[in-house]
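The values are calculated or read from the model by the stated rules, or taken from the named source; none is laboratory data. Since we're looking at a predicted model, the values are computed, not measured. For neighbour counting, all protein chains shown are included, and Cβ atoms are generated from backbone atoms with ideal geometry for every residue, glycine included.
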């Protein structure tokens, strides 16, 4: 009997990763080198700074919105480097179009909020690790959120968005790609 009760309690607190949500991109393969169109176009990097197409499926019924982040834990900052955070993506949306990370493109879903990345620009900022160093790992993550509106506004930092996501994620998926030059 105690095993059944413990199982019920454990199920209530299972991590979001227990769901079958999946994240894919036709533009970036997991584990592969990120192509130049998706690389930053400043700081000595040769890219076009276009955000890749991202698609997700298998979100739980409890998802009322989504968030997407791109993070580089290898950046020589002591705290990593946030390349993109977009949240309050409506629950009916399951894809971000290529270029949606440009807030002037009109490609982001209506109502979605993009915040300033660590390049100090609003929207997507592609990979741009220091030249000559080892390739960095870029974590593309989608979060299924139990709120239609996460809470922060466009002035929030990625750390604040991450704080809210920590408490309101019901499922998440990620893939990692690399870039070095």
Output the residues belonging to the range 78-95 that are in contact (Cβ under 8 Å) with a residue 12 or more places away in the chain and either more than 14 Å from residue 148 (Cα to Cα) or not in a strand (DSSP E or B) (or both).
-> 81, 82, 83, 84, 85, 91, 93, 94, 95
With respect to the numbered conditions (1) touching a residue at least 40 places away in the same chain (Cβ under 8 Å); (2) assigned to a loop (DSSP other than H, G, I, E, B), which one is the sole condition not fulfilled by residue 103?
-> (1)
Across the range 4-34, what is the number of residues that are at pLDDT below 95, surrounded by fewer than 14 Cβ atoms within 10 Å (Cβ to Cβ) and assigned to a loop (DSSP other than H, G, I, E, B)?
-> 4
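Give the range 55-67 a look and list any residue that's in a loop (DSSP other than H, G, I, E, B) and surrounded by fewer than 16 Cβ atoms within 10 Å (Cβ to Cβ), or say none.
Matches in the range 55-67: 58, 60, 61, 62.
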May I ask you to verify whether residue 133 is surrounded by fewer than 23 Cβ atoms within 10 Å (Cβ to Cβ) and part of a loop (DSSP other than H, G, I, E, B)?
-> yes
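Hey, among 171, 154, 177, which residue is surrounded by fewer than 19 Cβ atoms within 10 Å (Cβ to Cβ), within 26 Å of residue 59 (Cα to Cα), in contact with a strand residue (DSSP E or B) (Cβ under 6 Å, 6 or more places away or on another chain) and touching a residue at least 40 places away in the same chain (Cβ under 8 Å)?
After applying the criteria, what remains is 154.
Results for (1) modelled with pLDDT under 95; (2) within 14 Å of the chain's Cα centre (by Cα), shown as yes or no for each residue.
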{"position": "52", "(1), (2)": "no, yes"}
{"position": "74", "(1), (2)": "no, no"}
{"position": "86", "(1), (2)": "no, yes"}
{"position": "106", "(1), (2)": "no, no"}
{"position": "131", "(1), (2)": "yes, no"}
What's the number of the condition residue 141 fails, among (1) more than 26 Å from residue 168 (Cα to Cα); (2) outside any loop (DSSP other than H, G, I, E, B)?
-> (1)
What tally of residues in the range 40-49 results from selecting those that are over 16 Å from residue 180 (Cβ atoms) and crowded, with 16+ Cβ neighbours inside 10 Å?
-> 1
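Quick test for you: out of 37, 52, pick the one residue that is surrounded by 15 or more Cβ atoms within 10 Å (Cβ to Cβ) and outside any loop (DSSP other than H, G, I, E, B).
On inspection, the qualifying residue turns out to be 37.
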